[in-house]
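The values are calculated or read from the model by the stated rules, or taken from the named source; none is laboratory data. Predicted model only: the values in this text are computed from it and were never measured. Positions of Cβ are backbone-derived with ideal geometry, glycine not excepted, and every protein chain shown enters the neighbour counts. To get the accessible areas, we keep the full protein, side chains included, count just its heavy atoms, and leave off ligands, DNA and RNA. Shrake-Rupley method; radii C 1.70, N 1.55, O 1.52, S 1.80 Å.
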Amino acid sequence: MQRYFLSRILQSILLLFGVLFLVFFMVRITGDPAALMMPRTASPEQIEAFREAMGFNRPLIVQFVDFVRGVMVGDFGNSLHFKTPALPLVLERLPATLQLATAAMLMAMLVGIPLGLIGGLNPGSIMDSLARGLALLGQSVPNFWLALILISFFAVKLGWFPSFGRDEWKSVVLPAFALGLSTMGQLARLTRSSTLEIRSEDFVRTAYSKGLHPRTIYAKHIFRNVAIPLVSVIAVQFGYMLGGSIYIEFIFSWPGIGQLLQQAIGWRDFPLVQAIAVFTSLAVLALNLLTDVAYVLIDPRIRYGIR
Amino acid sequence: MAFDNLNFSHEPDSLLDKERTWGDRVRYLARLLWRDRSGVIGVVIFLSVVAAALFAPWIAPYDPLAQDLRNSKQPPVWQEGGAWDHPLGTDNLGRDILSRIIYGARVSITVGFFGVIIAASLGMIIGSIAGYLGGRVDSVVMGFINLLLSLPYLLFVVFIAAVLGRSLLNVILIFGVTDSPIFARVTRGEVLRIRRSGYVESAICAGARWPYIIVDHILPNLIGPLITLATFEMSAMIFYEAGLGFLGLSVPPSIPSWGNMLAAGRKYLTSATWIATMPGLAIMYTSLGMNLLGDWLRDVLDPRLRRSRR
Amino acid sequence: MDRILEVRNLVTRFYTLDGVVHAVNGVSFDLRRGETLAIVGESGSGKSVTVLSLVGLIPKPPGKVEQGAAYFRTEQGRIDLLQLSEEELREVRGGQIGFVFQDPLSSLNPILTIGEQIKETLTRHLNITGEEAKARTIDLLAEVGIPDPELRYKAYPFQLSGGMRQRVVIAIAIACRPQIVIADEPTTALDVTVQAQIIDLFNHLQQTLNMAMIWITHDLGVVAGLADRVMVMYGGRIAEVAPVDDLYERPAHPYTVGLLGALPRLDSKESKRLVSIEGTPPDLLIPPRHCPFARRCRFAFERCWREMPELTPLGPEHRVACFYDMERGGPRNE
């Protein structure tokens, strides 16, 4: 088991280097990062001075080593807009994003999983149609559009929830729902299909043949097996929410990392964009490691190295 | 009771069974069609969007760029103040929303179609090389692909789009390149599976050369899963293109696209909801149709799945 | 004779999208205290569905027990299993009737310890504490021949070999000292040597615990060293019932003859090619009005295509549903 974790950690470190390389490469994709980051009105002299100041005229390999070394000690470069280190700016926005993502994930889990379970246990029932409808809806409704609709109906017309900002608890409801709907649909779909599969497993028949109550069978034999594939989907989706709440945060003026990203792009503040990309990828990698731990806890087959 | 793994010895596909009457057979076919009715809906929706894109100049009642400031923010026909001359209403500059949506389908279909072509071509090349050569090449390539697939996709797409700037070609290239890993992964998996199967081994034993094996044995097997994947990915690209447009990172604002329309409509959410609602419905319609189509293709093209779904 | 279970005219159907599957069509049989009854037939002959119908273990829907009775003699008196509520049936299942299924790997929950899976049967049916249940579980593991039972208590199914897993499944079946154990192809998924061990274990347990056993199989070879009586099923009906020696010596149904011919014989001098029964099992979607085996029968004559044969006695315990008399080589006299 230690070997398993060790190899996963090594893999994550390699992945991190891959991310750093990608991010480093991406701002240089046009060939001239200085021109990219300066306003379009800047004169050639100004751009030249900027290139000098940022060290873009050094050999690429030196720049890359410098960049990696900086990330190692937590120096993600300076924001051009704020003229301060980028990492604290990102960290400052982290709680808002985490709050939004957590609320969205909770909503998705609390609705999606029970609906999928009930649907999977009673295929063809009304609840089953509901679960499948939700899955299809979650797949087809763009969250940025859903956010606009929610605002125009629940905020503007009915006035039940605020249409933007982050203050009282009510303000998180609409953005969390808009962000969580697709995950909700995905969880409903996956829970349903894996419940359908598990409930026709032989060991469920064995459980019935023991005379156990259906409640016990659902909770102990079916749900614990259904939960295994859910873990990885929840982790992946949570990772996407950390990086993918950009529309939602933009529309609801939610002061999180997504909004910062959108602003940074508007300011052409690419060092800040870089910092956000690296930080979010790091969070996703850490999340993946946590998922591995969760797997070991709920699936004994992994604990003993069978899978 | 909640399991269904008992064996019955009946053959549901035995349409030709002599003991069956014609009534049985007709009823059986009707059941099959009825079960696949969602696929029919998917095909109809998809074709209608493609038709809108292809024949936009002939279908659209107005020039999508023609402004008419006196008739700006006219509501759709079913709302008070709406009229049949602009069935879905007009936007803040008085442009006909229906015409703009029809023209917007062009951007969506173009991005989706060419994006998928590029992604599938790149992915198939990378995936079949990795799957065919195996060994160290395979593990390096797959390691990199798994890295790309584990990243927060949207963030990186937005990042690249911001660096490259707004143009249709850029958007297509971005999706084509960033979406190729998923095609590579599927291709590699299928190639590995087919390569290990008996008939390819016997073809190799019979002295067949590898280009022949790829063309004659591997490609035909790949087409089913790849077409299904392509449908879902095209739907996702249409989705993401609209999202980029919404952030102002897709095609230039002068081109009518669903994302650009949404971005413009956001400002009038309180006074003229329909400006943002209509393009959103168009995205949803397309995406719903393509998901239904994809589900159906998956069932039809993969007989193993079709069997288990019964 | 002390009958513990009497099944009368059982009819079970499945209402599927493709039509009504006539899985069991009027099956009657008895089970005596302490005996082993083997039910033999191809897959789809209705042998599993017959037994699972008795205890409400067929999937409902689409399955439905249409008619029949199954009188089960318990200490409290005679009850009809088919009239019991789901709740009452739960008391019977695992308590008075134990089950062993085919594949020991898939019939155990992969993520629970085997100890937990045995223990939950005990705590469900007996009024005992967790500690007592654990001690009983360890005793049971020893009883079914699992070495180091204390250690194995915490093992997961994937950590055991196929034979050991089947022993665990048997321990679950006998945990509450049932009067009947139903074993559905319990050795099919195992290696031949392990098969023999498991059959020995069953024989041993049956003698020490004095329980009746229904052994479902498609393999007449396994039956010889194990069963007291054999019931051959075809197309959801009984084709032939006989004491095991009678059946091997004087098979009266062409289908039984076919099954016996399909057995590899170790004692024959010349190496004969294996005989298999030609044709496919009947389509249960279209129940025939004539003998269901007629299509595949070498001896079928005009009457077989016209009438459904009833079970008729040949000897005190030997009954067959066939119009053809094997011994005389012609149609049977009424």
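Below is a table of values for the structure above.
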quantity	calculated
When residues of segment A:155-176 are limited to those that are more than 17 Å from residue B:269 (Cβ to Cβ) and open to solvent by 30 Å² or more (accessible area, probe 1.4 Å), the one modelled with the highest pLDDT	A:173
Selected residue [assigned by TED's automatic domain parsing to the domain that holds residue A:109 and in contact with a Pro (Cβ under 7 Å, 6 or more places away or on another chain)] from A:245, A:209, A:194, A:232	A:194
Subset tally (residues that are surrounded by fewer than 21 Cβ atoms within 10 Å (Cβ to Cβ) and more than 14 Å from every other protein chain (Cβ to nearest Cβ)) for segment B:129-144	8
Residues located in segment A:252-276, provided they are in contact with a Pro (Cβ under 8 Å, 6 or more places away or on another chain), at the interface with another protein chain (Cβ under 10 Å from one of its Cβ atoms) and open to solvent by less than 30 Å² (accessible area, probe 1.4 Å)	A:270
Extreme residue, farthest from the chain's Cα centre (by Cα), among residues of segment A:40-65 that are open to solvent by 40 Å² or more (accessible area, probe 1.4 Å) and of a type in the set (S, T, N, Q)	A:46
Residue match in segment C:100-113 (condition: within 30 Å of residue C:191 (Cβ to Cβ), over 22 Å from the mean Cα position of the chain (by Cα) and more than 7 Å from chain A (Cβ to nearest Cβ))	yes
The listed residue being within 23 Å of the chain's Cα centre (by Cα) and farther than 28 Å from residue B:295 by Cβ, out of A:115, A:136, A:174	A:174
Residue ranges of helices (runs of 4 or more DSSP H) in segment B:153-213 with at least 3 members among the aromatic types (Phe, Trp, Tyr)	B:153-164
Count of segment B:256-286 residues which are in contact with a Pro (Cβ under 6 Å, 6 or more places away or on another chain) and either closer than 16 Å to residue B:95 by Cβ or at pLDDT below 90 (or both)	6
Positions within segment A:187-203 being among the small types (Gly, Ala, Ser) and under 23 Å from residue C:99 (Cα atoms), in sequence order	A:200
Qualifying position, being farther than 26 Å from residue C:117 by Cα and within 11 Å of chain B (Cβ to nearest Cβ), among C:68, C:63, C:77	C:63
Criterion violated by residue A:302 - all others in (1) within 14 Å of chain C (Cβ to nearest Cβ); (2) in contact with a His (Cβ under 8 Å, 6 or more places away or on another chain) satisfied	(2)
Conditions (1) in a helix (DSSP H, G or I); (2) at pLDDT below 85; (3) surrounded by 16 or more Cβ atoms within 10 Å (Cβ to Cβ); (4) of a type outside the set (A, V, I, L, M); number of the one not met by residue A:185	(2)
Residue list for segment C:319-331, filter: at pLDDT 80 or above and assigned to a loop (DSSP other than H, G, I, E, B)	C:321, C:322, C:323
Condition check for residue C:281: surrounded by 15 or more Cβ atoms within 10 Å (Cβ to Cβ), within 14 Å of another protein chain (Cβ to nearest Cβ) and either at pLDDT below 80 or part of a strand (DSSP E or B) (or both)	yes
Qualifying residue in segment A:262-271 (condition: free of Cβ contacts under 8 Å to residues at least 40 places away in the same chain and of a type outside the set (S, T, N, Q))	yes
Number of positions in segment C:284-318 that are loosely packed, with under 15 Cβ neighbours inside 10 Å, within 14 Å of chain B (Cβ to nearest Cβ) and part of a loop (DSSP other than H, G, I, E, B)	1
Selected residue [in contact with a Gly (Cβ under 6 Å, 6 or more places away or on another chain), touching a residue at least 40 places away in the same chain (Cβ under 8 Å), among the hydrophobic types (A, V, I, L, M, F, W, C) and within 12 Å of chain A (Cβ to nearest Cβ)] from B:147, B:154	B:154
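Matching residues to (1) surrounded by fewer than 18 Cβ atoms within 10 Å (Cβ to Cβ); (2) in contact with a Cys (Cβ under 8 Å, 6 or more places away or on another chain); (3) not in a loop (DSSP other than H, G, I, E, B):
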residue	(1), (2), (3)
C:133	no, no, yes
C:139	yes, no, yes
C:146	no, no, no
C:168	no, no, yes
C:190	no, no, no
C:197	yes, no, yes
C:200	yes, no, yes
C:203	yes, no, yes
C:208	yes, no, yes
